[in-house]
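The values are calculated or read from the model by the stated rules, or taken from the named source; none is laboratory data. Because the structure is predicted, anything quoted here is derived from the model rather than measured. Reconstructed Cβ throughout: ideal geometry from the backbone, glycine too, with neighbour counts over all protein chains shown. In case anyone asks, the SASA skips ligands and DNA or RNA and just uses the protein heavy atoms, side chains included. Shrake-Rupley method; radii C 1.70, N 1.55, O 1.52, S 1.80 Å.
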Amino acid sequence: MARIIPLIALLATLVLSSCSVMSGTSRTGAHSNNSYRAPRTYIESANDYALDIEPDGVTYTIDISTPEGAAKLDKISLKDAEDLALTEAVIKYNCAMLVNPQFTNLMNGKRVLRITVFGFPARYRARPDNVNDNSTPTNNRNINININSN
């Protein structure tokens, strides 16, 4: 019994001292004190362009009946063929994206024979309220810089 009492006192001291350490901040882990240190985020849009969607849809097809189409569709998956058709349609119709693209395909087993995409071309244009009075709106690839020297 005499040996147990110092052992219990030692354990009680360790337990009580560890409680005070745990109630403070430690070097790792999440703390409620971190919430006031997080920077505030503000959502702000500086978009100077509007997206115009054409009312008439367009169609683009890649088919193995042409040598170019056969080379493009050789040994690719259906998902890759859809991505390819969508990318080439955007390039062909000179637009930023196709809105609501819909795909149809013809397959023989796992081989893609034809892939067709249908969608509505969308292009960006400068918003009228953000265009300078001294410049004329142009397509998105040109930048007009007006320097007025007085």
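Remarks
- Hits in the stretch 83-98 - residues which are more than 19 Å from the chain's Cα centre (by Cα) and either closer than 26 Å to LYS110 by Cβ or not in a loop (DSSP other than H, G, I, E, B) (or both): ALA85, GLU88, ALA89, ILE91, LYS92
- So SER65, is it small (Gly, Ala, Ser) and either within 25 Å of the chain's Cα centre (by Cα) or at pLDDT below 70 (or both): no
- Within the set ARG114, ARG125, the sole residue that is modelled with pLDDT of 90 or more and either buried (at least 16 other Cβ atoms within 10 Å of the Cβ) or under 22 Å from the mean Cα position of the chain (by Cα) (or both) turns out to be ARG114.
- Applying the criterion of being of a type outside the set (Asp, Glu) and open to solvent by less than 40 Å² (accessible area, probe 1.4 Å) to the residues of the stretch 85-105, the residue that is farthest from ALA50 (Cα to Cα) is ALA85.
- Total residues in the stretch 45-82 satisfying the condition of being assigned to a helix (DSSP H, G or I) and over 14 Å from THR116 (Cβ atoms): the figure is 6.
- Scanning the stretch 67-81 for residues that are in contact with a helix residue (DSSP H, G or I) (Cβ under 9 Å, 6 or more places away or on another chain) and not basic (Lys, Arg) turns up LEU73, ILE76, ALA81.
- For the stretch 58-84, a residue qualifies if it is surrounded by 15 or more Cβ atoms within 10 Å (Cβ to Cβ) and closer than 18 Å to ARG123 by Cα, and the qualifying residues are VAL58, TYR60.
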